1. As I understand it, the value is the acute angle between the Cα axis of helix 101-124 and the longest principal axis of the Cα atoms of the chain; what does it come to in degrees, rounded to 10?
2. Starting from the 7 Å offset along Cα-to-Cβ, what nm value, one decimal, do you get for the label separation of E110 and D97?
3. Rg to Rh ratio, segment 68-129, alpha-carbon atoms and Kirkwood radius?
4. Against the longest principal axis of the chain, how steep is helix 73-95, in degrees 0 to 90 to the nearest 10, with axes from Cα atoms?
5. Going by a 4.7 Å Cβ-Cβ cut-off, which cysteines of the chain have no partner at all?
6. I need the phi-derived Karplus couplings for segment 27-34: 6.51 cos²θ - 1.76 cosθ + 1.60, θ = phi - 60°, integer Hz, Gly and Pro marked x.
7. Using a Förster radius of 22 Å, what is the FRET efficiency between K124 and E15 based on their Cβ-Cβ separation? Nearest 0.05, please.
8. Put +1 on the Cβ of every Lys and Arg and -1 on every Asp and Glu Cβ in segment 2-124; which of T17, Y80, I111 then has its Cα farthest towards the positive end of the dipole?
Amino acid sequence: MKHGNKGIFVVDNKEATQQAINRIKTIIKTTLNQTKQLKEQKGEDNHPSELCKDIITNLFLLIKTVDKNRKTTLSKDLDYLYKHCLFAVVRVRDNKDYGFLDGCISVLDEITEGWERVGVAIKKAPAFG
């Protein structure tokens, strides 16, 4: 990514950036929907271990998208938030403890909204090669 004039974010490859953002948004939305499903299963006799496994897989994918080498506040915060969600789902899987699930759902909702705004901004940004 190039930085042109101060305060202006310029995208080198707009199409590739948009595809990457869409992929992340898809994973987050899927994980959010799965987490809501998991919450709905609270109290049922059938333990949702397969659903937990799918959510955990998606959360690991999201954790891998965070550039930990950059050491920015955003990178640290996203890493922490994804790991908080991972903790919440592992608590359900291992202890049938749904206490942290609402926080996880709230976090995923907020992150989804943020990625939606980023996607809109990328579409509007000029691309220079």
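What follows draws every value from the coordinates through simple rules; no lab data is involved. Please read all numbers here as calculations on a predicted model, not as lab measurements. Don't worry about glycine lacking a Cβ; one is built from the backbone with ideal geometry, like all the others, and counts go over all protein chains shown.
1. 20 degrees
2. The two pseudo-label positions are separated by 2.1 nm.
3. A ratio of 1.15.
4. Helix 73-95 and the main axis of the chain meet at about 20 degrees.
5. Those would be C52, since no other cysteine Cβ in the chain comes under 4.7 Å of theirs.
6. Per-residue couplings from phi come out as 5, 5, 4, 4, 5, 4, 4, 5 Hz.
7. The formula returns an efficiency of 0.95 here.
8. T17
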